[in-house]
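One structure below.
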Amino acid sequence: MFNASETIAMQVAAVEQWHKSDYLNSCSGWLEIACQQHRYNYDLWHQEDIARSPDVSDGEIATVKRAIDKLNQQRNDWIEKLDDWLTAYLEEKQIALQANATQNSETPGSMIDRLSIIAIRIYHLDEQLDRPDIDDAHRDKVLTRSAICRVQQSELGQCLDTAIKEILSGAKRHRTYRQFKMYNDPSLNPYLYRRQSNAAKRAC
């Protein structure tokens, strides 16, 4: 049910298809959530590309920055959804913790988020190889980085499988770590709530 190779295969297929048209998320359960989380990373990546373009106007940058903030919030929300799904599964199956159970610093949801970014990075590195204007030095640099990313993808996938196996056996504790992003909350972002307070005072 929780398989890193299936997760990676979905991420690779989705990022390739999204660049052509659209990818039908026909997955269910864990993979359905992972696919949606992957989409937020995909959209975030391309907004970041726009933000770094020297040809974009200040007004466009402001629009892109707001889109980046929203997508980053959604990305983190869906990492938590992945971990919440696993929590619910553990409760449903009544999986008991072993007496000496320990806890990883990184949750399965966070690992899937990292795998998502790696899949997107590999796609864009490989895309560089199709450019007609690159020289051998650029090609070698891209090939080296792509190879390293694939090793990281494989190793992180193995880590995910191990973590899931240990969690399902009760050897590892599992907890959803809440991000509690403050910048998007008008009641927690000092700039926003002070601005609202000042506006209210001026209106009196």
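The values are calculated or read from the model by the stated rules, or taken from the named source; none is laboratory data. All values reported here derive from a predicted model rather than from experimental measurement. Cβ: placed from backbone, ideal geometry, glycine included. Neighbour counts: every protein chain shown.
A few points about this structure:
- Some residue of the range 70-81 being modelled with pLDDT under 95, surrounded by fewer than 17 Cβ atoms within 10 Å (Cβ to Cβ) and either of a type in the set (K, R) or more than 30 Å from I164 (Cα to Cα) (or both): yes
- Under the condition of being closer than 18 Å to E16 by Cβ, part of a helix (DSSP H, G or I) and of a type in the set (D, E), the residues counted in the range 108-140 number 2.
- Criterion (among the polar types (S, T, N, Q), surrounded by 11 or more Cβ atoms within 10 Å (Cβ to Cβ), at pLDDT below 90 and assigned to a helix (DSSP H, G or I)) met by exactly one of Q179, Q196, Q152: Q196
- Counting the residues of the range 96-125 that are modelled with pLDDT of 95 or more and touching a helix residue (DSSP H, G or I) at 6+ places or on another chain (Cβ under 7 Å) gives 18.
- Criterion violated by L143 - all others in (1) under 24 Å from Q17 (Cα atoms); (2) modelled with pLDDT under 95; (3) over 19 Å from the mean Cα position of the chain (by Cα) satisfied: (2)
- The set of residues in the range 11-31 being at pLDDT 90 or above and closer than 15 Å to L160 by Cα consists of Q11, L31.
- Qualifying positions in the range 29-60 - surrounded by fewer than 13 Cβ atoms within 10 Å (Cβ to Cβ) and closer than 19 Å to I79 by Cβ: G29
- From A62, A67, A101, residue being under 23 Å from D161 (Cβ atoms) and small (G, A, S): A101
- Of the residues making up the range 76-109, just one is basic (K, R) and either without any contact (Cβ under 8 Å) to a residue 12 or more places away in the chain or more than 13 Å from Q179 (Cα to Cα) (or both), namely K93.
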